[in-house]
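**Q** Dropping a structure here in structure tokens format, bear with me for questions.
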Amino acid sequence: MKTPVLVMAAALWLGACSDAAAWGCDGHRAIVYIAERLVPPAALARAKGVLTASPADPALRRFCDAVPDDPLVDDAAWADDYRAVDPGTAGWHFINLPRQAALSAPNEQAFCPAGKCVVEAIVAQYRILTTSLDSQARANALRFILHLVGDIHQPLHATTNGDRGGNCVPVTYYDRAPQESPTTPNDFSPNLHGLWDTSTIRTLMTQKGLADPRALADYVVSHKALPVSISAQVPTMTEATRWAQDSHEVGRNVVYARLPVQVSLEQATALTLSSCADNHDIVHRMLAKHIVIDATYEQSSIPAILDQLRLAGTRLAATLRAAFP
């Protein structure tokens with residue numbers, strides 16, 4: 001049984017963490033709002049009908065507040081909640097592509113063991129959505145697509161430097177120093193991955209007075225206008241691999257390259273770590289660098305974040321147009 005002190009420490013540490021979802025509730029839902037602008041009303045109605053006909057398990061613990069008037073937006077973060085009951089889907093949310101590597105269709109499987117990565121998960125779930133006769137399987141496949149198309153555009157879900165996609169890179173975020181989890185040794189927050197998941201988006205929304213994900217979507221579109229129309233696009237292996245490589249380029253050229261402290265290339269073989277203590281204690285090696293993230297780094301990364309949210313929204317729209325022609 002945890003002591004009251006340990007429970008209090010855990011609560012404080014969790015309060016400093018970003019949530020588990022790439023882009024968080026706001027980012028994932030903004031991506032769906034962007035996509036909805038580019039999908040015909042009839043197709044949107046069909047997609048929403050798939051979800052309402054086979055709703056998510058009401059017993060599933062949901063992290064994000066409900067959006068009862070739009071099932072597509074409401075289910076944008078469902079895949080992260082679902083990991084708690086099916087941990088086997090955890091690997092579907094990312095691809096461990098070394099910082100110095102390049103991804104292509106011929107070498108994709110080298111970075112996607114047993115097909116458990118975001119590239120192959122998107123392709124597989126699209127196939128289920130468009131071919132299965134099981135209504136619940138189709139609904140869950142759509143829920144995965146809504147989320148995973150967002151995940152693949154988070155650069156640290158397609159880039160790793162022997163550090164679990166930046167999760168093993170503790171940082172000081174403005175005046176908030178990294179703290180080690182009282183329940184999970186070698187797990188620090190804030191960290192580089194959490195910044196790109198949620199912290200920078202939350203800071204931006206506060207600074208710009210963006211009250212909710214719809215307002216965030218409006219802001220993204222004001223940053224760079226959406227195309228007038230978009231064609232249907234089936235997420236084939238070639239297409240999803242290209243998305244991952246595009247995201248990886250942002251990880252390599254923005255996320256790591258613009259850090260205020262130089263972080264050297266780690267061994268490309270350090271792909272899958274069971275703990276941040278692996279890879280020669282990567283977490284404490286990074287902690288010793290005393291990386292401080294402030295407005296300078298964030299201002300250089302926000303344009304890339306906005307571009308990735310917009311790209312995710314347009315590519316999700318193309319996928320929905322293909323699935324619901």
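**Q** Could you give the dipole magnitude of region 66-124 about its Cα centre, charging the beta-carbon of Lys and Arg +1 and that of Asp and Glu -1, in debye to the nearest 20? The partial results should precede the final answer.
**A** Numbers: 3 positive and 9 negative charges, 106 e Å.
For region 66-124, the charge dipole is close to 500 debye.
**Q** How many angstrom lie between the C-alpha centres of region 101-116 and region 208-228?
**A** When both Cα centres are located, 33 Å separates them.
**Q** State to the nearest 20 debye the size of the charge dipole of the chain about its Cα centre, where the only charges are +1 on K and R beta carbons and -1 on D and E beta carbons.
**A** On the way: 27 positive and 32 negative charges, 91 e Å.
Dipole size: approximately 440 debye.
**Q** Measuring from centroid to centroid over Cα atoms, what is the spacing of region 159-198 and region 20-97 in Å?
**A** Each part reduced to its Cα centre gives a spacing of 25 Å.
**Q** Give a quick list of trypsin sites (Lys or Arg not before Pro) in region 188-265 that DSSP marks as loop, anything other than H, G, I, E or B, with at most 14 other Cβ atoms within 10 Å.
**A** Values: sites: ARG202, LYS208, ARG214, LYS224, ARG242, ARG252, ARG258; in loops: LYS224, ARG258.
The qualifying sites are LYS224, ARG258.
**Q** Working from the alpha-carbon coordinates of region 116-260, get Rg over Rh, Rh being the Kirkwood radius. If you can, show how the numbers build up before the last one.
**A** Details: Rg = 17.8 Å, Rh = 17.6 Å.
Radius of gyration over Kirkwood radius for region 116-260 works out to 1.01.
**Q** Magnitude of the Cβ-charge dipole of region 100-224, K/R +1 and D/E -1, about the Cα centre, nearest 20 debye?
**A** Details: 10 positive and 11 negative charges, 67 e Å.
Rounded to the nearest 20 debye, it is 320 debye.
**Q** On a 0 to 90° scale, report how tilted helix 24-36 is relative to the longest principal axis of the chain, with both axes built from alpha carbons and the result rounded to the nearest 10.
**A** So the inclination is approximately 30 degrees.
**Q** Also, I was wondering about something else. Within 10 Å of each residue's Cβ, count the other Cβ atoms and sort CYS25, CYS168 from fewest upward. List each step's numbers first, then the result.
**A** On the way: CYS25 22, CYS168 30.
Least to most surrounded, the residues fall as CYS25, CYS168.
**Q** Can you classify region 219-316 as rounded, prolate or oblate using the Cα gyration tensor, where a ≥ b ≥ c are the square roots of its eigenvalues, rounded means a/c under 1.5, and otherwise it's prolate if a/b beats b/c and oblate if not?
**A** On the way: a/c = 3.43, a/b = 1.56, b/c = 2.20.
Cα axes put region 219-316 in the oblate bin.
**Q** Convert 4 °C to kelvin, take the viscosity as 1.567 mPa s, use the Kirkwood radius over C-alpha pairs of the chain as Rh, and evaluate the Stokes-Einstein diffusion coefficient in µm²/s, rounded to a whole number. Walk me through the numbers on the way to the answer.
**A** On the way: Rh = 20.0 Å.
D, rounded to a whole number, is 65 µm²/s.
**Q** Can you list the HN-Hα couplings for region 133-148, worked out from phi with the Karplus curve (6.51, -1.76, 1.60; θ = phi - 60°), rounded to whole Hz and with x for Gly and Pro?
**A** 9, 8, 4, 5, 5, 5, 5, 5, 4, 5, 4, 5, 4, 3, 8, 5
**Q** Let me ask something else about it. Tell me the mean residue ellipticity at 222 nm calculated for the chain from its helices only (DSSP H runs of n ≥ 4, each -39500 (n - 2.57), averaged over every residue, nearest 500). Don't skip to the end; give the middle numbers.
**A** Numbers: 12 runs with 152 residues, N = 325.
That calculation yields -14500 deg cm²/dmol at 222 nm.
**Q** While we're here: Aspartates and glutamates within cross-link reach of LYS208: Cα-Cα under 13 Å, excluding same-chain residues under 8 positions apart?
**A** Hits, sequence-local ones excluded: ASP218.
**Q** From the residues SER229, GLN109, GLN262, which one has its Cα farthest along the dipole of the chain in the positive direction, the dipole being from +1 and -1 charges on Cβ of Lys/Arg and Asp/Glu about the Cα centre?
**A** My answer, from the dipole projection, is SER229.
**Q** Another question, then. Compute the relative contact order of the chain as a whole-number percentage, counting only Cα pairs closer than 8 Å that sit 6 or more residues apart in sequence. Please list the in-between numbers first.
**A** On the way: 519 pairs, mean separation 95.8, N = 325.
Taking the mean separation of contacting Cα pairs over the length of the chain, I get 29 percent.
**Q** Quick one: Debye curve from the alpha-carbon atoms of region 42-161 only, equal weights, vacuum; give me log10 I(q)/I(0) at q = 0.10, 0.21 Å⁻¹ to two decimals.
**A** The calculated log intensity ratios at q = 0.10, 0.21 Å⁻¹ are -0.33, -1.20.
**Q** In addition: In terms of the Cα gyration tensor, with a ≥ b ≥ c the square roots of its eigenvalues, is region 194-273 rounded because a/c is under 1.5, prolate because a/b exceeds b/c, or oblate?
**A** Numbers: a/c = 2.45, a/b = 1.20, b/c = 2.05.
Cα axes put region 194-273 in the oblate bin.
**Q** Here is a follow-up. If each residue's Cβ is checked for other Cβ atoms within 10 Å, how do CYS112, CYS117 rank with the fewest at the top? Don't skip to the end; give the middle numbers.
**A** Details: CYS112 21, CYS117 25.
Final ranking by Cβ density, sparse to dense: CYS112, CYS117.
**Q** Taking just the C-alpha trace of region 263-314, give me its Rg and Dmax in Å.
**A** Every Cα atom of region 263-314 included, Rg and Dmax give 15.4, 40 Å.
All of the numbers you see were taken from the coordinates with simple rules; none came from a lab. Since we're looking at a predicted model, the values are computed, not measured. Counting neighbours? That spans all protein chains shown, and the Cβs are built from the backbone with ideal geometry, glycine included.
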